[in-house]
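The values are calculated or read from the model by the stated rules, or taken from the named source; none is laboratory data. Since we're looking at a predicted model, the values are computed, not measured. Don't worry about glycine lacking a Cβ; one is built from the backbone with ideal geometry, like all the others, and counts go over all protein chains shown.
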Amino acid sequence: MSDLFDNEFSPESLMLGHGYAPQWSEGSIKQPIYQTSTFVFKTAEEGKAHFQQAYQNRSRSQNEPIPGLIYSRLNNPNIELFETRLALWDKAAGCASFDSGMAAISAVMMEFVKPGEFILFSSPSYGGTDHFIKNYLHRYQIYHIEYFPWETKTEIIQKIRDHQAEQKISLIFVETPANPNNALFDIEMMVQLGREFSSENKKIKVAVDNTYMGPLWQQPLQWGADFSIYSATKYIGGHSDVIAGAVCGGKEDVQRLKNFRSFFGSTCSPFNAWLLNRSLETMKIRMEKQAQNAASVAEYLNSHPSIEKVHYLGLIPSSDHRNYSIFQKQYTSAGAMISFEIKGGEAAAFQFLNHLQLCHLAVSLGSTETLAEHPATMTHAGVSPEMKEKIGITSGLIRLSVGIENAQDLIQDIEQALSAISSHS
């Protein structure tokens, strides 16, 4: 396929053939798994040229072909095909894949932030991200400033000044919608803030964890962000059978991340990349079905007497001007993630979780099966009690990742589990 031909089609169509020609692999309609550690050079001169470019000892001339394959820690046909296709969704110049979502997040933070500098990050965030920033990066003298969904741009700027960090911010990290309660952050506002604190010698990078909504329902790069980060384990993989991560962004920034992963050894494996390419073909269909189911489940939960509150983007009232405005501007769907607060605290939440039959009691999200978990004692167990209270991770909060099952079956299962709470009470 030529680029001109490809550009006439939408991403969901290109997931089936873009970047691969069957004649390259004996006519196989699907790319085979290149389960190899190393690749053979045609000549010693070719090997020298590959390594010169790999170690950036010289730049590639205009008519010189792209360097070939060397070693699967550096590059591999399955990995390169996955990166090429995922980049289409974000309209990105490049993509780097990793062997987990946390590997992708930590690579961005450690490559683009130096000792003595600060990360400005949104809270709540995924528990692993929160713990890495607050407890691990300090070993390398990388510091943080935490901001919250209700804070204005002016208030965030004042926080930066209070920390005397005006010249020390290197990365703005945004997770939106936030895990686990769907709190929203305005990407465009944070990009503007980053530009205000950037200088000629230093551009503050803006990274968005797009796992909850992407790449289908939110495209951070279109709002000026530098990176769109994914736990590809979730919606992109979507079958609970692969662990992987990815970062989409500009060509030079992505190359820096590829260099980083080569030396830290966090490259995605060929088999996992092959599984991700398989999953990209059905991603849009799966996610649309999950979103439809979530809308039905959220509507049911919102009217149930045992539920204190439902956190779902499709239920944001227009009277909530801030969040409604962000939702209308930034998203094309309400997504498939729901969190809700059960009356009765942890005891009631555990009774509910223990009585689910169709839904699975498990962490992770974005998979074909519906998953339910208790954030306060599971995914966000490492967050301090004071911070949990501040950001709304209550003892009765349940996080629900809605799958592709029959929506009425899901509601029936939730109903019987909620009824078990009443009977135990």
(request) Would you check if residue 217 is buried (at least 19 other Cβ atoms within 10 Å of the Cβ) and either within 19 Å of residue 81 (Cβ to Cβ) or in contact with a Cys (Cβ under 7 Å, 6 or more places away or on another chain) (or both)? (result) no
(request) With respect to residue 253, determine if the residue is of a type in the set (Asp, Glu) and either within 11 Å of the chain's Cα centre (by Cα) or closer than 15 Å to residue 96 by Cβ (or both). (result) yes
(request) Identify, from the list 369, 405, the residue that is part of a loop (DSSP other than H, G, I, E, B), at pLDDT 95 or above, in contact with a Gly (Cβ under 9 Å, 6 or more places away or on another chain) and of a type in the set (D, E, K, R). (result) 369
(request) Just give me the residues in region 196-234 being out of contact with any strand residue (DSSP E or B) (no Cβ under 9 Å at 6 or more places or on another chain) and assigned to a helix (DSSP H, G or I), in sequence order. (result) 196, 222
(request) Residue by residue through region 130-157, note down the ones that are within 19 Å of residue 205 (Cα to Cα) and in contact with a Gly (Cβ under 9 Å, 6 or more places away or on another chain). (result) 130, 141, 142, 143
(message) Based on this model, can you work out whether residue 314 counts as part of a helix (DSSP H, G or I), of a type outside the set (D, E, K, R), out of contact with any Pro (no Cβ under 6 Å at 6 or more places or on another chain) and not assigned by TED's automatic domain parsing to the domain that holds residue 101?
(response) yes
(request) Could you please find all residues in region 9-26 being within 17 Å of residue 90 (Cα to Cα) and without any contact (Cβ under 8 Å) to a residue 60 or more places away in the chain? (result) 9, 10, 13
(request) Hey, can you tell me all the residues within region 385-403 that are in contact with a strand residue (DSSP E or B) (Cβ under 7 Å, 6 or more places away or on another chain) and of a type outside the set (Gly, Ala, Ser)? (result) 394, 397, 398, 399, 400, 402
(request) Please determine, by comparing only the residues of region 94-112 that are farther than 16 Å from residue 259 by Cβ and of a type in the set (A, V, I, L, M), which one is surrounded by the most Cβ atoms within 10 Å (Cβ to Cβ). (result) 105
(request) Please find, among 79, 33, 29, the residue that is at pLDDT 95 or above, in a loop (DSSP other than H, G, I, E, B) and not basic (Lys, Arg). (result) 33
(request) Go through region 296-314 residue by residue and tally those that are within 20 Å of residue 332 (Cα to Cα) and surrounded by fewer than 20 Cβ atoms within 10 Å (Cβ to Cβ). (result) 3
